[in-house]
1. Ignoring any ligand, DNA or RNA, what whole percent of the accessible area of segment A:174-280 comes from carbon and sulfur when the probe is 1.4 angstrom?
2. Please arrange A:Trp79, B:Trp259, B:Trp69 by accessible surface area, largest first, computed with a 1.4 Å probe and ligands excluded.
3. Would you look at the GNM of chain B, springs on alpha carbons closer than 10 Å, and say which of B:Ala97, B:Ala202, B:Ala167 moves the most?
4. Multiply the residue gap between A:Lys273 and A:Ala41 by 0.36 nm, knock off their C-alpha separation, and tell me the result in nm, one decimal place.
5. In Å², nearest 100, what accessible area do chains A and B bury in total when the solvent probe is 1.4 Å?
6. Rounded if a/c is under 1.5, else prolate if a/b is larger than b/c, else oblate: which is chain A, with a ≥ b ≥ c the root eigenvalues of its Cα gyration tensor?
7. Specify the residue with the greatest mean-square fluctuation among B:Ser262, B:Ser88, B:Ser140, computed from a Gaussian network of chain B linking alpha-carbon atoms under 10 Å apart.
8. Relative contact order for segment A:168-264: what percent, with Cα pairs under 8 Å and sequence separation of 6 or more?
2 protein chains.
Amino acid sequence: VWIVNLEQVSAVCLEVRQEYSFRDTILYALGLGVGGPDPLAASELMFVYEKNLRTLPTMAVVLASPGFWLRDPKYGIAWERVLHGEQSIMMHREIPAEGVVVGVTKISGMSDKGADKGVLLYSSKEVFDEKTGDRLATVSATLFLRGDGGFGGKNEPGPKPYSVPDARGPDHVLEFVTHPAQALLYRLSGDLNPIHVDPEVAGKVGFAKPILHGLCTYGIAGRAVLSTLCQGDPARLKRFDARFASPVFPGETIVVDVWNESKDRAAVRARVKERDVVVLGNGRIDLQSSV
Amino acid sequence: VWIVNLEQVSAVCLEVRQEYSFRDTILYALGLGVGGPDPLAASELMFVYEKNLRTLPTMAVVLASPGFWLRDPKYGIAWERVLHGEQSIMMHREIPAEGVVVGVTKISGMSDKGADKGVLLYSSKEVFDEKTGDRLATVSATLFLRGDGGFGGKNEPGPKPYSVPDARGPDHVLEFVTHPAQALLYRLSGDLNPIHVDPEVAGKVGFAKPILHGLCTYGIAGRAVLSTLCQGDPARLKRFDARFASPVFPGETIVVDVWNESKDRAAVRARVKERDVVVLGNGRIDLQSSV
């Protein structure tokens, strides 16, 4: 029987320093399929070429990341049953093409949904540019600890997920054909969980084969937003919240639906074309109004 | 007018130390399309997964490489007109999945074919394992300096290119569909020549778009050899010589023809399926007889 070590979990404060080069920035973009067989290729050259290189805003999720810290036995978490529920980035400044960043990850909340459901754990990472001291991004995640509910913690209502206006059709629809090796490539940006490469490990948790990283799908949805709403300019993306609904298998086609809602607000959703399944929902986009 | 600085070129001795991790080894394999949509994927998992990771022998060409040293003005070489003519690797030991290597690159010969033709320059790189001192590989290249011929150097006959027995059909034929982003990925292993990413630079030297690295095609031919002749075991490949015939564009299908010649000898050739053009010829394979 696992028992979450509440004190240890609440006190989490993980500081990570990362020096990254243009190679890491390009590798992240290639991990999202930039340069692949889709109509955006030419406009995205700046994400994969060191000359005038720009950083995709969603790279904030992998920068100065503490890795899969929940696996540390001191937290007492049934880590095999953890799911990534929600992801959010709030951009404060454009991420340099190379540099040194410091990330500080803390726990911002926890909610016990009961033994049969699990615990919602809210984590937040602040990413700073070491040289300038500028805060670059706030990266928040909701983790679903399915094996740790009913420990007597408070059951607090979480933030309401953003409603996608799917009563009407989307204003933009973009397709991204993922590559069979997409997860193998994306994992080199940091998340080495074997579920994305090892057929045996994937099989043990009920998948027919290794799955794509949820954050890869999130990054692909980000590419669609940049292209349709930001004229390709990464500085225009201010905020992107989304909820993970279902896994993607490498090689599948991800269809991203985008709804314009106002001058600086949009909604987004991603589906797998081959299976007509929503994989990322409740997507909220805020745009910088004055860039 | 460029004039080759003979003394400087003959005296070349470039020592490079490189620390590489499993991420670099995996990145090299992904740059060759391992994990892509071809029938070898399952047997090649060991080249893209850090658990029981093995190194593709052709990685010797990028390890501890001095880069594009001919560009240094002190050599007086018309570097824009240099072509990569031939490549050879001689394997002495299997390359570790990670470690520290030292490469020493020297010039082993030069032949002046006249002002209208150019100069053939033979370079050779010895790759050592820093920890054990073991020599891992001898990597030889023939560079064709098209703009520097007729400087009065000796015109010496080079080694005869290996004859592929194409009077009869090959014993094995394997197809590899390259990815549109293949060159973008391969270049992260070290060869950052903009001709492989920048449409403008590619255009200036007469290509409709950026071309794939010849050494990427070479590595793909190596994958075919491992799979058909070595039961996938990288330790079985002893030597691989080849001559570059024509460029490949990312996204094209590379067909590799393999001829068995004896117990420890084979011939290999690569063609682009869509254009029926030989891109790599005169391929000679020697196998370790007792692994």
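The values are calculated or read from the model by the stated rules, or taken from the named source; none is laboratory data. The shown structure was predicted, so the numbers you read here are calculated from the model rather than taken from an experiment. Cβ coordinates were reconstructed from backbone atoms using ideal geometry, including for glycine residues, and neighbour counts include every protein chain displayed. These accessible areas exclude ligands, DNA and RNA; they are computed on the full protein's heavy atoms, side chains included. Shrake-Rupley method; radii C 1.70, N 1.55, O 1.52, S 1.80 Å.
1. Values: 1970 of 3790 Å².
That share works out to 52 percent.
2. Working: A:Trp79 70, B:Trp259 0, B:Trp69 30 Å².
The residues order as A:Trp79, B:Trp69, B:Trp259, largest area first.
3. B:Ala167
4. Details: separation 232, 0.36 × 232 = 83.52 nm, distance 2.03 nm.
Taking 0.36 nm per residue and subtracting the Cα distance, the gain is 81.5 nm.
5. Numbers: alone 13830 and 13850 Å², together 25400 Å².
Accessible area lost upon association: around 2300 Å².
6. Values: a/c = 1.44, a/b = 1.30, b/c = 1.11.
Cα axes put chain A in the rounded bin.
7. Of the options given, B:Ser262 has the highest mean-square fluctuation.
8. Values: 119 pairs, mean separation 43.7, N = 97.
Relative CO of segment A:168-264 lands at 45 percent.
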